[in-house]
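K.L.:
Would you mind keeping the following structure in view while I ask a few things?
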Amino acid sequence: MKRLAGVLAAGLLAAGCSSGATSVAAPSSAPTSTASTTTAAVVSTTTSTALATTTSTTVAPSTTTSTTLAPTTTAAPTTTAGSTNDFLGEEVLGTSAGGRPIIAMHRGTAGGTVVLVVGVIHGNENAGLGIVDQLRTMPIPPGIDLWLLAEMNPDGVANDVRHNGNGVDLNRNFPHDWTQIGEPGYWEYSGTGPASEPETQAFMAFVDRVQPELTLWYHQDLYRISPSSRRDGPLRVRYAELTGLPVLSVSGGTYTGVAATWVRNTHTPAMSFIVELGPTLSGAEAAVHAQAVLAISQMVVDGEV
Ligand SMILES: [Zn+2]
C-alpha cells in the first residue's frame, strides 16, 4: 500500500503519469455493477493450486520469488496434475538496478490478442498488485494472450519508494519524448539518459518481442482515467464504467519519457493507458478491476476498437 510519507505529498499530485492524449473530458460516473457478466464463465474448471503457490509470492518482497525461478526461460507448469489450466509460463525479463528479477507470467491463449498488465511501475503505488493477483488465477476468456508483469519496479516495491534502485523515476525514463528532469533525489528524476535504467531496457525488449496490442498500467492515487480521443478512448470509458472511476484528465507532473506513451507511440496501433486507483483497493475492488481488464480485452478480441 502506498504510505503517505512526507515526500509523497508531492508524489500524490503527480503520481499520474498520463499520457498526454487528453481531449474532451467526459465525466462518466457509471454503474459499477456489471463487471462479471461477460467474462466469468469460460474456463471454470481450472483450479491451479500449483499456480497459486508459485505466484502468490509477489505480495511478499520480491526476493522470495527470485529463488524459485530459473534465470531465463519459460517455466513449464509442472505439478498441475488433473487441472486444465491456461498457464503458459513465467519469465524473468531482466534484473533491476538493485539486482532483483523482473518477472512476467503468461496465461491464456497463445497467439491470441496480446494484452499486458503492469501492476507497479512506481514502487510505492502498489495497489495494482491486487489486480494482477486476481488475474493470475481467474478464468481467462479464449482469445486473450495475457501477460502479467506484476512488478516492473521490484526495487521500488521492496523499498516502498517511487524510484528504482538508482533513484530514477522509471515512468520518466522511456526514450519517447525523454527529457532531463531533475537530478538524483528529485521525485521525477528521469535518469542519466533515455532508457538508462535496466528495468526500462528489459521492458522495451519485452514489448518489442511480444507486441502487446493493449497495455494497462496501474498508479495511485488520483482515482481516475484520463480521457483519450485515440483508439483506446472507448476502452478507457468502458473500463471506467465497469469500475466506477471517473474519466478525468491528469495533471501536476512533467509527462515526458512516460512508459505508456512510449508503447503507444512506438508500436502503433498499440493501445496503452494508465488507471489511477485510489489510496487503497480492497480485494473485492481488485476483483472488479480484474474483470474490467478482461472485459476490455474482450472488446479488442472482438474487434470493437
Ligand atoms: Zn504513478
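K.L.:
Is it the case that some residue within the range 227-247 is within 14 Å of the ligand (Cβ to nearest atom) and surrounded by fewer than 24 Cβ atoms within 10 Å (Cβ to Cβ)?
P.N.:
no
K.L.:
Moving on to the next point. Would you say Val300 is in contact with a Lys or Arg (Cβ under 8 Å, 6 or more places away or on another chain) and away from the ligand (no atom under 16 Å from the Cβ)?
P.N.:
Here the answer is no, as Val300 does not meet what is asked.
K.L.:
Sticking with this one: Residue check, Phe203 against (1) assigned to a helix (DSSP H, G or I); (2) surrounded by fewer than 22 Cβ atoms within 10 Å (Cβ to Cβ), all met but one. Which one?
P.N.:
Only one criterion is unmet by Phe203, namely (2).
K.L.:
Which one is surrounded by the most Cβ atoms within 10 Å (Cβ to Cβ), of the residues in the range 165-174 that are in a loop (DSSP other than H, G, I, E, B) and under 16 Å from the mean Cα position of the chain (by Cα)?
P.N.:
Across the range 165-174, the extreme among qualifying residues is Asp169.
K.L.:
Go over the candidates Thr243, Thr280 one by one and state the one that is over 30 Å from Gly303 (Cα atoms), among the β-branched types (Val, Ile, Thr) and at pLDDT 95 or above.
P.N.:
After applying the criteria, what remains is Thr280.
K.L.:
Select from the range 109-140 the residues that are surrounded by fewer than 21 Cβ atoms within 10 Å (Cβ to Cβ) and in a loop (DSSP other than H, G, I, E, B) and write down the one among them that is nearest to the ligand (Cβ to nearest atom).
P.N.:
By that ranking, first place goes to Met138.
K.L.:
Return yes when Glu276 is within 16 Å of the ligand (Cβ to nearest atom) and among the charged types (D, E, K, R) and no when it is not.
P.N.:
yes
K.L.:
Would you check if there is a residue in the range 248-255 being in contact with a helix residue (DSSP H, G or I) (Cβ under 8 Å, 6 or more places away or on another chain), free of Cβ contacts under 8 Å to residues at least 60 places away in the same chain and within 16 Å of the ligand (Cβ to nearest atom)?
P.N.:
Within the range 248-255, none of the residues are in contact with a helix residue (DSSP H, G or I) (Cβ under 8 Å, 6 or more places away or on another chain), free of Cβ contacts under 8 Å to residues at least 60 places away in the same chain and within 16 Å of the ligand (Cβ to nearest atom).
K.L.:
Additional query: May I ask you to verify whether Tyr186 is within 14 Å of the ligand (Cβ to nearest atom) and surrounded by fewer than 18 Cβ atoms within 10 Å (Cβ to Cβ)?
P.N.:
no
K.L.:
Does any residue of the range 145-152 turn out to be within 14 Å of the ligand (Cβ to nearest atom) and either part of a loop (DSSP other than H, G, I, E, B) or in contact (Cβ under 8 Å) with a residue 12 or more places away in the chain (or both)?
P.N.:
yes
The values are calculated or read from the model by the stated rules, or taken from the named source; none is laboratory data. For clarity, every value in this text was computed on a predicted model and none was experimentally measured. Methodologically, a virtual Cβ is constructed for each residue, glycine included, from the backbone with ideal geometry; neighbour enumeration extends over all protein chains shown.
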